[in-house]
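Some notes on the structure that comes next.
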Amino acid sequence: MNGKKVNPDEIREIKLLRSQGYSIIEISNKLNRPKTTIFRYIKGIEILPEFLKNWAGKRGGSKKRKVLKESESLREARSLIPDLTYREKLILLSALYWGEGSKGDFGLSNTDPNLIKVFIGCLEDLFKIDKTKLRVSIRTYEDLDREKCLNFWAEITGVKKENFVNVNILKGKKKGKLEYGMCRVRVTKGGDLLKKIKSINKVIADLIVPIAQMDRASHS
């Protein structure tokens, strides 16, 4: 039926089903027609009052399924990772710096508050880095609320906003994309720590040998 022209009887049925609260996917499956075809004929069709309650429930279905899947994924993740060892946290910290860290000193910048939390948490847990050794600065844009951004990152980092070293306001508009701007966290006198982390990264790089490289080595 997919390849055939839609006849008047089918069009009437599409409109009738729609008026009874059937979704596009349901009509598509029932009539074995593409969703694009169904969409073409349901425009302007109102759901009859007696079917509105059922229709409203279906409209929220996708959102409910999304929330359910997210909850299931979170439960699965917590069962897979009930805790983190010292070694795992060390690898996590080195990976964060590897991906997001600055080159000249031990610090990183990011817009993700959870990433910043994890970075600071690992520093405190692994190396007993005190908050007084952290230098926090933020980068915002003209259309962002400066005070709101300061309060947000102060709560995330645990560093008082009065102790932030810099607030850099850039030209342009980012509202809706970067609600709180970007945060940069740097460890003062972190040279020795930086050497340790870079060494860990080198060890990891040496351990992760690409499969292609292993194949070449085995045939040499």
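Every residue, every condition in (1) in contact with a strand residue (DSSP E or B) (Cβ under 6 Å, 6 or more places away or on another chain); (2) surrounded by 15 or more Cβ atoms within 10 Å (Cβ to Cβ); (3) free of Cβ contacts under 8 Å to residues at least 24 places away in the same chain, yes or no:
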position: 117; (1), (2), (3): no, no, no
position: 127; (1), (2), (3): no, yes, no
position: 145; (1), (2), (3): no, no, yes
position: 148; (1), (2), (3): no, no, no
position: 163; (1), (2), (3): no, no, no
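Helices (runs of 4 or more DSSP H) wholly in the range 107-213 with at least 2 residues that are charged (D, E, K, R) and farther than 28 Å from residue 84 by Cβ - which ones? Before the answer, list the steps.
Numbers: elements: 113-127, 146-157, 191-207.
Of the helices (runs of 4 or more DSSP H) lying wholly inside the range 107-213, those with at least 2 residues that are charged (D, E, K, R) and farther than 28 Å from residue 84 by Cβ span 146-157.
What about residue 89, is it charged (D, E, K, R) and either under 15 Å from residue 197 (Cβ atoms) or touching an Asp or Glu at 6+ places or on another chain (Cβ under 7 Å) (or both)? Steps first, please.
Values: charged (D, E, K, R): yes; either under 15 Å from residue 197 (Cβ atoms) or touching an Asp or Glu at 6+ places or on another chain (Cβ under 7 Å) (or both): yes.
Criteria met by residue 89.
Where in the range 43-102 are there helices (runs of 4 or more DSSP H), lying fully within it, with 1 or more residues that are touching a helix residue (DSSP H, G or I) at 6+ places or on another chain (Cβ under 6 Å) and without any contact (Cβ under 8 Å) to a residue 40 or more places away in the chain? Steps first, answer last, please.
Details: elements: 52-59, 61-80, 86-100.
Once the helices (runs of 4 or more DSSP H) in the range 43-102 are filtered for at least 1 residues that are touching a helix residue (DSSP H, G or I) at 6+ places or on another chain (Cβ under 6 Å) and without any contact (Cβ under 8 Å) to a residue 40 or more places away in the chain, what remains is 86-100.
Return only the number of the condition from (1) under 21 Å from the mean Cα position of the chain (by Cα); (2) exposed (fewer than 15 other Cβ atoms within 10 Å of the Cβ); (3) closer than 30 Å to residue 191 by Cα that residue 92 does not satisfy.
Condition not satisfied by residue 92: (2).
No lab work stands behind these numbers, since they all come straight from the coordinates. Since this is a predicted model, take the numbers as computed values, not measurements. Cβ coordinates were reconstructed from backbone atoms using ideal geometry, including for glycine residues, and neighbour counts include every protein chain displayed.
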